[in-house]
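Only one structure is covered here, and it is reproduced in the block below.
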Amino acid sequence: MSAIASIPDWVVILIKSAILLLVVVTTFAYAMLAERKVLGWMQLRPGPNRVGPWGLMQPAADAAKLILKEDLTPKTADPLIYRLAPFISLLTAFSVYAIIPFGASSAGTWAIGNVNAGILFLLAITSLGVYGISLGGWASGSKYPLLGSVRSTAQMISYELGMSLSLIGVLILAGTTQLDGIVNAQATWWFIGPQFVGFIIYVITAVAETNRVPFDLVEAETELVAGFHTEYSGLRFGLFFIAEYVNMLTVSCIASLLFLGGWNAPFGLAGVPIPGIVWFIIKVAAFMFFYMWLRATLPRFRYDRLMAFGWKVLLPVATLNLVITAIVVAFRG
Amino acid sequence: MRKQLYNVGAILRGLGITFKFMFAKRPTIEYPTVKKQHAPRFHGLHELRRYEDGKERCIGCELCSSACPANAITVIGAENSPENRTSPAERYAARYEIDELRCIFCGMCEEACPTDAIVLTPRFEMSDYRRGALIYSKDRLLVPADAGVGVAPDERPNGIPADLGRVADVKSTVDITAGYEATHRGIILKTQRKGLTELKQGDKEW
């Protein structure tokens, strides 16, 4: 025990980060496979099943393909920013995991860092993710990526507001911005109950923030070829791809932490000897499934309706929800 | 407000439908491992049949070649000699070549054949990287001497999957590396591509 305690902090953090990175990347690989499978099933197809049993080696095959492909840079592109943009996307996507807690034991919270300003940090970092997309689209030096990145920026700004406001309701109820504090505040009563409206708004805005169907105007194939990553190929495209899925995973984690009680067991199951992290994983997985389910079900929004929906519906409803929550909390103590 | 609620209901119904379909039976036939049963008279790769005594049915009459709307068949007949009879009739096909890339698999050759020699089998896996390899000559069309007489379409059992592997087998046993040069039709095609002026005198004797 003393030997473990004598390891310097930075080494511990480095090891934790390495493990977490590995876990997140593996999760990405299999989330992608799962998405293709689920989409396939919902469209009466078997999905990828040629590489390994049930297609389980498909992510490896995809990775090999992406690595071996030619890395093109258009003549008109701004070479430095063009090459940098995927890394910005990926960096912001991964850095969120520095503070996301996955469980708790008597020794403390299972997270790399437990930041006071947890939610604020999350919002700040996830908003930075748009830079990767908009810079990548701009630096491509061609028109469809530019349109995609402009859309992305506008969409992020519009939906970020609704998202933040829906999270403030949770903050008021929990009385803390620290993520483990918020989870502990849900020990008896998950915030999805009192903050149901907030939860719905969060889910909608989270889909929009991660540029997923039905809000994937940023990469709308029918209008913009492939949107911001039209010019990208090979590994750089792969990095954008990873960033998109890691962002999906992030918003699923946040939803589980803030609304679904994090690693708390569901009602009536608190006595069951299942570790908290398993509950957390189940909740995140359910959220990821919901994403795929949405993609299989809904068609893409029209761009003006997307904007109108964000500003004229989500923002007022989120504000109203916040005001009501504040009033109720103020009067009931 | 009522309209909005209706729309939310529509989305939920849609989600219900996709969820239901996730567990529905899929119509996919996983092709390379599972092969669909063909209709008994499926039009696939051709086959030249034999009689029970091993003689070729083809009498080199060129009716198939005349009937062919795609002009894919080349037949060059020759006289049987009493010592060495290839077919029971007077003539036989010295060369019989079908350009499977031109063939539209309509089965007119089968209809036209007076001796039921040329038939279309249900074999369909005959892809190749070389054009020349898709001009099938007699060595690949004729039923091998030890493989029976071939089956007439009318006598096939219902929906046989056929011996689908055979196309590949036949291909591997025959020397098709020569490509165009190996077949009469191939030579013609090649010279046509070069231009008729370059047609060699030696080729004209056929």
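Values in this text are rule-based calculations from the coordinates and carry no lab data. Note that the coordinates shown come from a computational prediction; the quantities given were computed from them, not determined experimentally. For neighbour counting, all protein chains shown are included, and Cβ atoms are generated from backbone atoms with ideal geometry for every residue, glycine included.
What aspartates and glutamates sit close enough to B:Lys36 to cross-link, taking a C-alpha to C-alpha distance under 15 Å and skipping anything fewer than 8 places away on the same chain? By straight Cα distance, B:Lys36 reaches B:Glu125, B:Asp163. Can you bin region A:216-318 into rounded, prolate or oblate? Criterion: square roots of the alpha carbon gyration tensor eigenvalues sorted a ≥ b ≥ c, rounded for a/c under 1.5, prolate for a/b above b/c, oblate for the rest. Taking the square roots of the gyration eigenvalues as a ≥ b ≥ c, region A:216-318 is oblate.
Please label the shape of region A:1-81 as rounded, prolate or oblate, based on the square roots a ≥ b ≥ c of the eigenvalues of the alpha-carbon gyration tensor (a/c under 1.5 means rounded; beyond that, a/b larger than b/c means prolate, else oblate). Mind dumping the intermediate values first?
Working: a/c = 3.12, a/b = 1.39, b/c = 2.25.
It is oblate, given that a/c is not under 1.5 and a/b is not larger than b/c.
On the beta carbon distance between A:Val25 and B:Val34, with R0 = 30 Å, the FRET formula returns roughly 0.30. Working value for region A:65-150: equivalent-ellipsoid semi-axes of 35, 15, 8 Å, each the square root of 5 times a Cα gyration tensor eigenvalue, largest first.
Here the spin labels are modelled as points 7 Å beyond Cα on the Cα-Cβ line, and at B:Phe21 and A:Arg332 they lie 4.2 nm apart. Mean separation of Cα pairs under 8 Å and 6 or more residues apart, divided by the residue count, gives region A:76-332 a relative contact order of 26 percent. Relative to the dominant Cα principal axis of chain A, helix A:9-42 is inclined by about 70°.
Rounded to the nearest whole Hz, the Karplus-based 3J(HN,Hα) values (6.51 cos²θ - 1.76 cosθ + 1.60, θ = phi - 60°) of region A:246-259 follow the sequence 5, 5, 4, 5, 4, 5, 5, 4, 4, 4, 5, 5, 8, 10, with x at glycine and proline.
Going by the alpha-carbon gyration tensor, a ≥ b ≥ c the square roots of its eigenvalues, is region B:92-141 rounded (a/c under 1.5) or, if a/c is not under 1.5, prolate (a/b greater than b/c) versus oblate? Here region B:92-141 falls in the oblate category. Going 7 Å from the Cα of A:Ala308 toward and past its Cβ, which residues in region A:146-170 have a backbone nitrogen under 20 Å from where you end up? Residues A:151-152, A:154-160, A:162 fall inside that zone. Within the shell of other residues whose beta carbon sits under 15 angstrom from the beta carbon of B:Lys20, the net charge comes to +3, with Lys and Arg scored +1 and Asp and Glu -1.
Once the cut-off is 32 Å, how many percent of the Cα-Cα pairs in the protein assembly as shown end up in the long-distance tail? Before the final figure, lay out each step's value.
Numbers: 87733 of 144991 pairs.
Every Cα pair in the protein assembly as shown considered, those over 32 Å come to 61 percent.
Would you mind finding the longest exposed-site-free stretch of chain A, with exposed trypsin sites (Lys or Arg not before Pro) meaning DSSP loop and at most 13 other Cβ atoms within 10 Å? The longest uninterrupted stretch comes out as A:76-301. FRET efficiency for the B:Ser66 to A:Ser142 pair, using the beta carbon distance and R₀ = 41 Å, is estimated at 0.10.
Please compute the net charge surrounding A:Ser89, taking Lys and Arg as +1 and Asp and Glu as -1 over other residues with Cβ under 12 Å from its Cβ. Here the count lands on 0. Pairs from the table (A:Lys16/A:Lys65; A:Lys16/A:Lys37; A:Lys283/B:Lys20) lying more than 23 angstrom apart at Cα are A:Lys16/A:Lys65; A:Lys16/A:Lys37.
Note that region B:54-70 has calculated 3J(HN,Hα) couplings of x, 6, 6, 6, 5, 10, x, 7, 6, 5, 4, 4, 6, 6, 5, x, 9 Hz, one per residue in order, obtained from phi through the Karplus relation 6.51 cos²θ - 1.76 cosθ + 1.60 (θ = phi - 60°); glycine and proline are x. Can you work out the FRET efficiency for the pair A:Val115 and A:Ile324, with r the C-beta to C-beta distance and R0 = 25 Å, to the nearest 0.05? Rounded to the nearest 0.05, the efficiency is 0.30.
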